[in-house]
Each structure stands twice: as structure tokens, then as C-alpha cells.
Amino acid sequence: MASPPAHRQLDALPDDLLAEVLIRLPSLADLGRACASCASFRRVVTDPAFLRRARALHPPSLLGFCGASPGAGGFHFHPAEAPHPSAPAARGVLRAADFGFSFLPSPDPLGWIVRDVLGGRFLLDRDVVEEGAAAASRILAVCDPLFRRYLLLPQIPQDLAAASDLRQSRRGDTFFAPIGEEECVAAVAETSFKVIWIAECADKLVAFVFSSVTGQWRATASVCWGDLSPAFSRPACRSMSRRSYAYGCFYWMMGDSGKNLLVLDMRRMDFSVLELPSSAPGHDIVECAIVEEGEGKIGMFAFRNYIAGYALQIYSAKMQNEGKAAAGKWSFETAMVVPFDEFGILGATSRELLLKVPPSFARGCYSLEFSTNPSCKYLESVRRVISGVPPSLSFLYVGYPPTLSSPSI
């Protein structure tokens, strides 16, 4: 008598034993195929407890880029393309999600602007149609386009806004912050989030934090421009660009001088300034991205402007005991010449830099992967993620295939 197929034999196992078999599959792609093969496998794989174990073993993958396409109208998802390993999962996300946000409440569906993307959630805002409304009056929404869920955030309370003089401010940046395990219980961890609102006032910088756990805003950090750096006495030097995150700190390049990074430490909830590596006149850093390098170090991908073009340089800095990089302690690691004169940093992971490359070189978005060997840092590979070029305001979409996803709100 012929033996039943292997999946039928597994199907007969109790769910707890079947979970121990499935968790040993080597990749998320294998889990996704198992999930689609039969109902019992899908029941086990989609259990929240199993998904938490799987995600702890398999980090999320870059699935594509999101951005507003000029002339095309609305917001679009650009999935990773073959032969990129995330291409099948990216196509699944494209088919399943509503990146037009038609489920959001608004008389004008194009009035919503995407401000950040993290963990499958999108942070959007739109204007309040009200004469004399301040920056703090904008409506914020957090939504999950894969499951078509959203939450409208309350506005910053009037007493907090008045104490910070927000009527005379403008929004510097609005974004998600990772939520610590100590801030929420496991039962709501997957749907918990934190939003940061930074307001640029005339004489100071103020940070507000919204927690989905408490459902409230609070003012957490405030500092006068002059106390941060004498350079910030001029408003032109206060513009914030290219936000990065590493080890509990957010980093922004400030102004157009290429000399300073603004740092927001989420553990201490305070602002500080980190000087960038010095350079000869005319060779300033024009764009950079901060990443976690490991062994108590942060890494930096930096583009410098030279007469012959641009050079991509890599630096590292040792973190001090209080979790900040030591000022002036950047160590040069390696460099490479960039063979194009128009580019844009789309984002970075711990070992990859994602670049938008112009048509004059080889149109598309590329992943530059570097060795993580501390004694030998070099470029390992250049891999095209998509052939099209998304707009300048783009966000990395990092996540899991739809079959291995669960609602984030």
C-alpha cells in the first residue's frame, strides 16, 4: 500500500507539533508556500504566536518603494522586480494593498500626504480648512493599506501648543519612532506605535510624542537654537533633511553647510549636535545616511562633492556610554567613486544603501551592499531593485508577504 503524501502526514500532526516543523523551514518564502498549500498549514502559520516566532527568526525584507508620481496623480507602490529575491512577495503586496488610501475619510482623497512608512504602517496628514490654523492643526492619520485600517490621531492639546508657542511654528518633521518592548504588553505589541512631531519655532526646537498605548500627546524635548550650535542662529541653517535612525537616536543633516547632524535621543529625549567629518573647502558632505554597524558603533554613508564628481565614503564612530557618538571621533573606513552626477539616497539598512540612479547611468533604484567584516570593508555587490525611478519623496517599504502579515492597527 502506498504511503500518503508527506504533507498529508504532517497534516495529521497536532498543531503544536506542526508548528515546530514549520518554524524550521529555512526562509519566509518557504513559509509562504506552505501557508498556501493547505488549510491546516495556513491555520498554524497565521496564528499570532507563530508569526511572532517566525518574525523573530526572519527579519522583514525590502519589498519596494512608495512615492507620489508627478503627473500620474496619487501615491504609488513600486514593487521590487525580478531577479531581486523579494519580487514575488512584492507582487503580492501590490495586488493586496490599497495604496490609493481610498478607505481614508476625506472630501478630497488626494489631500492626504504621506510623511513616513514603518512596519507596514503609513503616517499621513492633511490641512485643516480653517482660517489662521497653525501647523499643529494638521490632521494626522495612521493607516495600514494592506488591511485597509486607519486611526485618526487627536490634535495636540491647546495647553501644550500654547506653552510651546506653536502658532508661530512650522512642522519640521513628522515620523514614526520604534516602540520599546517595555512600553506595551505583548497582547497589543503588534498594533502599538509611536509618532513624533517636531516643530521648528522661532527660538527653539520642540518635540511632541504620541503613543497609541496612552492615546495622548506629550511634549518631551525642547531646546533653544543657540544652545545647540551658534551656527543655528541663522534660520537658513535650520532646515532638516535626510532623517536616519540608529540605536535609539534619530539623525538629520542640518542646513546646506554639510557640517552638522541634529540628533534626537529617544531614550533621554533630548536634542544635541554631532559634527560631521571635516573636509577641505568645497568638498562638503551633500547627503548622508546613518546605520547601525554593530559592536557599539554607528556607520555613515556619506556623499562628498568633488570637482570630478561625487565620492561615496564610509565612516564609523564609537558610541559613548550614554549612547551618543563621540564628537569628532569619526573613523574613515573606505570610499568609492560614484559614476553619476545625479542621485538620491532613498534609505539604508544595516548593510545596504538604497540609491535612486538617473537615466544617464542605468535608470533604476539600486542596492549597494557592503561587507560587514570590520577588518575589511568593501563594496560586495550592486543590485537593481526596480527599473523605474520613483520620485524624490519616496519611502522604503520593508515588510512581509501578505500571507505572513497581520494587521498593524
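The values are calculated or read from the model by the stated rules, or taken from the named source; none is laboratory data. The shown structure was predicted, so the numbers you read here are calculated from the model rather than taken from an experiment. All Cβ positions, glycine included, derive from the backbone under ideal geometry; neighbour counts span all protein chains shown. Accessible surface areas use protein heavy atoms only, side chains included; no ligands, DNA or RNA. Shrake-Rupley method; radii C 1.70, N 1.55, O 1.52, S 1.80 Å.
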Counting Lys and Arg as +1 and Asp and Glu as -1 over every other residue whose Cβ sits under 14 Å from the Cβ of Pro401, the net charge comes to +4
Projected label distance in nm at Asp227 and Leu13, using a 7 Å step from Cα toward the beta-carbon
5.9
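Want the number for Tyr306 to Leu94: 0.36 nm per residue separation, take away the alpha-carbon distance, what's left? Please report the intermediate quantities before stating the final value.
Working: separation 212, 0.36 × 212 = 76.32 nm, distance 3.99 nm.
Full-extension gain reported as 72.3 nm.
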Have a look at Leu25, Phe41, Leu57 and report the one farthest towards the positive end of the charge dipole of region 13-57, computed about the Cα centre with Cβ charges (Lys/Arg +1, Asp/Glu -1).
Leu57
Cβ under 12 Å from Pro277's Cβ, Pro277 left aside: what net charge do those residues give with Lys, Arg +1 and Asp, Glu -1?
0
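Which peptide among 298-306, 75-83 comes first, and what is the full order, when sorted by highest mean count of other Cβ atoms within 10 Å? Don't skip to the answer; put the middle values down first.
Numbers: 298-306: 21.2, 75-83: 18.7.
Answer by packing, highest mean first, reads 298-306, 75-83.
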Given axes a ≥ b ≥ c from the Cα gyration tensor, I'd like to know whether region 13-57 is rounded (a/c under 1.5), prolate (a/b larger than b/c) or oblate.
rounded
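Please work out the average accessible area per residue across region 13-57, using the 1.4 Å probe convention, and give it in Å². Walk me through the intermediate numbers first.
On the way: 2470 Å² over 45 residues.
On a per-residue basis, 55 Å².
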Solvent-accessible area, 1.4 Å probe, carbon plus sulfur percent, for region 13-57
61
Quick check: net charge around Phe210, other residues with Cβ under 10 Å of its Cβ, Lys/Arg +1 and Asp/Glu -1?
+2
Size of charge dipole - region 10-101 - debye, nearest 20, with Cβ of Lys, Arg +1 and Asp, Glu -1, no other charges
120
Under a point-charge model restricted to the Cβ atoms of Lys and Arg (+1) and Asp and Glu (-1), what is the dipole moment magnitude of region 13-60 relative to its Cα centre, in debye to the nearest 20?
160
Projected label distance in nm at Glu295 and Val21, using a 7 Å step from Cα toward the beta-carbon:
4.3
